[in-house]
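See structure below.
The values are calculated or read from the model by the stated rules, or taken from the named source; none is laboratory data. Since the structure is predicted, the reported quantities are computational estimates derived from the model, not experimental observations. Virtual Cβ from ideal backbone geometry, glycine too; neighbours counted across all protein chains shown.
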Amino acid sequence: MPTTCALCRRIIPVETIRDPQVVQEHHLRPEERAESPTVMLCRPCHKQLHAVFTNGELREDYDTISALQAADRLQDYLDWIRNTEKLDIQVSTSNRVRKRTG
C-alpha cells in the first residue's frame, strides 16, 4: 500500500518503499521523543525540515503539520517537491540554523 508524506502530501509508490529510509518517522517535538507525536515524512521532507529549522524552532513553533505547511521558509521547497518524483535530495543546513545551534 502506498504511503503519503504528511508534509508535501506526495504519494510514495509501494515499489519504492522497499528502501526503509524512503519514508521516515518525524517527531513533531524534537528532543521530547517519549511524549512527542510523530508523522511519516518522505526522506526529502524530513531532511529539509532539519536543514532549515533548529530543534528548538520545531519544538516551539512548528510542532504540527499545519504549522510546518504554512511556514514561509518551506513554501518554495513545497512548491518544488510536490512537482517531482525525487526521493533523495541534497540539502545543506542554512547559515542561520548553524549560527543558532552552534
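Observations, loosely collected:
- Search result, residues across the stretch 75-86 that are without any contact (Cβ under 8 Å) to a residue 60 or more places away in the chain and surrounded by 11 or more Cβ atoms within 10 Å (Cβ to Cβ): 75, 77, 80, 84, 86
- Within the stretch 52-64, the set of residues being surrounded by fewer than 17 Cβ atoms within 10 Å (Cβ to Cβ) and not in a loop (DSSP other than H, G, I, E, B) comprises 55, 56, 60, 61.
- Residue count, the stretch 90-102 (criterion: modelled with pLDDT under 65 and either touching a Lys or Arg at 6+ places or on another chain (Cβ under 9 Å) or surrounded by 11 or more Cβ atoms within 10 Å (Cβ to Cβ) (or both)): 7
- Sole exception among (1) β-branched (Val, Ile, Thr); (2) modelled with pLDDT under 80; (3) in contact with a strand residue (DSSP E or B) (Cβ under 7 Å, 6 or more places away or on another chain) for residue 14, by number: (3)
Yes or no, residue by residue, for (1) of a type in the set (Gly, Ala, Ser); (2) surrounded by 14 or more Cβ atoms within 10 Å (Cβ to Cβ); (3) in a loop (DSSP other than H, G, I, E, B); (4) in contact (Cβ under 8 Å) with a residue 40 or more places away in the chain:
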{"site": "9", "(1), (2), (3), (4)": "no, yes, yes, yes"}
{"site": "18", "(1), (2), (3), (4)": "no, no, yes, no"}
{"site": "66", "(1), (2), (3), (4)": "yes, no, no, no"}
{"site": "88", "(1), (2), (3), (4)": "no, no, yes, yes"}
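- Taking the stretch 27-42 as the range and being outside any loop (DSSP other than H, G, I, E, B) and either surrounded by fewer than 19 Cβ atoms within 10 Å (Cβ to Cβ) or among the acidic types (Asp, Glu) (or both) as the test, the residues that pass are 27, 38, 39, 40.
- Residue within the stretch 40-48 that is closer than 18 Å to residue 82 by Cα and aliphatic (A, V, I, L, M) present: yes
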